[in-house]
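The values are calculated or read from the model by the stated rules, or taken from the named source; none is laboratory data. Predicted, not measured: the structure shown is a model, and the values here were computed from it. Methodologically, a virtual Cβ is constructed for each residue, glycine included, from the backbone with ideal geometry; neighbour enumeration extends over all protein chains shown. The protein model used for the area step is the full one, side chains on, heavy atoms only, and it has no ligands, DNA or RNA in it. Shrake-Rupley method; radii C 1.70, N 1.55, O 1.52, S 1.80 Å.
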Amino acid sequence: MTIAHLFKSHDKDLGGGFTVRRILPAAAKQSVGPFLFFDHMGPVEAEPGTRHDVRPHPHIGLATVTYLFEGAIMHRDSLGTEQRIEPGAINWMTAGSGIVHSERTPEDLLERTRRTHGLQLWAALPREHEEAPAAFSHTPADQIPEVQLDGAKVRVLVGTALGQTSPVPTFAETLYLDVHLGAGAAIELDRLPEEAALYAPFGTIEVDGEPVAANTMAMLEPGAAVRVSSREGARFVVIGGAPLDGKRFIFWNFVSTSRERIEQAAHDWEADRFVAVPGETERIPLPPLPSAWRHD
């Protein structure tokens, strides 16, 4: 057996009528490599005049990684960044010591029927970089390396694979691939990181002949080399990297090796001490801290 775990998705309402399928964190495993959140959003169709906006909210201790298949999102953050996110590009936002951002429908799409479909991941920052300065990195689609194989195309979104290295900056060993498989095709994957997993947003795949159900992530045995095939054709991603350097506490949009650091970030957001996103007047309020965390 080369599959160590199968993680099934569950629906998570992000507000504003926008629901995602969340795969990580899973009950059996908090993370795969540095990735501790994995959300599959859409495909969702919006009618003209409707918004699926995410109002300004804060992060610490992580990097968000956004990758679209369809649609567009306007990203704005407290660094002053304004970046339209479109299919094929990788957008890596390092929260580090703290950042605030919003994700909204671009104005030019508001009066059109439109579809949004993509993946958003969180990568925990290594302990020594948890308080790194906030930063935003946009890598356009045409700067992502691609490798054409027999019956398959591989885009190296983050990290190094098949002799190609993505220009996306990271803090630790990280791998993120987008693999297109033709009908009846197969690909051999080896030299994967110690922790690696596969997820197919399109179609279904088999790992060494074992079918992986739709909306399910297959985490591989450490160091496994696998043959991934698809009878009808599929598109799947590979994620992974070095195991995290210790457990992470997670509350709302905050990630840290220290529960006290998360409590401080929560208090800072409630007291309006985070730097605001220029031009934004809204904000998402802090949800209640878990009862075990509250101090009388």
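Shown here: the range 63-195, whose C-alpha atoms stretch 45, 44, 21 Å along the first, second and third principal axes, sorted largest to smallest.
Using the heavy atoms of the protein chains alone and a 1.4 angstrom probe, what is the accessible area of the chain per residue in square angstrom?
44 Å²
With +1 on the Cβ of every Lys and Arg and -1 on the Cβ of every Asp and Glu, and nothing else charged, how large is the dipole of the chain about its Cα centre, in debye rounded to the nearest 20?
Details: 27 positive and 40 negative charges, 68 e Å.
My answer is approximately 320 debye.
Considering only GLY223, MET41, ALA183, and ranking their Cα positions along the charge dipole of the range 3-241 that arises from unit charges at the beta-carbon of Lys, Arg, Asp and Glu, the one farthest toward the positive end is MET41.
Does the range 180-242 come out rounded, prolate or oblate by the C-alpha gyration tensor, with a ≥ b ≥ c the root eigenvalues, rounded set by a/c under 1.5 and, if not, prolate when a/b is larger than b/c and oblate if not?
On the way: a/c = 1.96, a/b = 1.57, b/c = 1.25.
In terms of gyration-tensor shape, prolate.
Sequence-ordered 3J(HN,Hα) estimates for the range 172-179 from the Karplus curve with 6.51, -1.76 and 1.60 and θ = phi - 60° stand at 7, 4, 9, 10, 8, 10, 10, 10 Hz, glycine and proline given as x. Sort the range 168-296 into rounded, prolate or oblate with this rule: let a ≥ b ≥ c be the square roots of the eigenvalues of the Cα gyration tensor; rounded if a/c is under 1.5, and if a/c is not under 1.5, prolate when a/b is larger than b/c, oblate otherwise. The shape class here is prolate. Amide H to amide H, with H built 1.01 Å from N, VAL168 comes under 5 Å of GLY159, counting only residues 5 or more places away or on other chains. The GNM of the chain, with springs linking C-alpha atoms under 10 angstrom apart, assigns the highest mean-square fluctuation among GLU111, GLU173, GLU146 to GLU111.
Counting only lysines at least 8 places from LYS247 when in the same chain, those with an alpha carbon closer than 25 Å to its own are LYS8, LYS12, LYS29. Ligands, DNA and RNA aside, ASP190 has an accessible area near 90 Å² when probed at 1.4 Å. Distance between the C-alpha centres of the range 174-249 and the range 70-110: 27 Å, rounded to the whole angstrom. Of PRO145, PRO167, PRO56, which is farthest towards the positive pole of the chain's charge dipole, taken about the Cα centre with +1 and -1 on the beta-carbons of Lys, Arg and Asp, Glu respectively? Farthest towards the positive end: PRO56.
Quick check: net charge around HIS75, other residues with Cβ under 9 Å of its Cβ, Lys/Arg +1 and Asp/Glu -1? Result for the neighbourhood of HIS75: 0. 3J(HN,Hα) along the range 81-90: 5, 10, 9, 7, 9, 10, x, x, 8, 10 Hz, from the Karplus curve 6.51 cos²θ - 1.76 cosθ + 1.60 with θ = phi - 60°, whole Hz, x for Gly and Pro. Note on exposure: THR113, THR50, THR174 ranked by accessible area (1.4 Å probe, complete protein assembly) read THR113, THR50, THR174, with the most exposed listed first. Heavy-atom accessible area with a 1.4 Å probe sorts MET217, MET74, largest first, into MET74, MET217.
Among all stretches of the chain without exposed trypsin sites (Lys or Arg not before Pro) (DSSP loop, at most 10 other Cβ atoms within 10 Å), which one is longest? Before the final figure, lay out each step's value.
Working: sites that count: ARG191, LYS247, ARG294.
Of all site-free stretches, the longest is 1-190.
The HN-Hα couplings worked out from phi for the range 127-132 by the Karplus form 6.51 cos²θ - 1.76 cosθ + 1.60 (θ = phi - 60°) are 3, 6, 10, 4, 9, 4 Hz, whole numbers, x standing for Gly and Pro. In the chain, the calculated helix contribution to ellipticity at 222 nm averages -1500 deg cm²/dmol per residue, counting -39,500 (n - 2.57) for every DSSP H run with n ≥ 4. For LEU79, the accessible area of its heavy atoms, probed at 1.4 Å with every protein chain present, is near 90 square angstrom.
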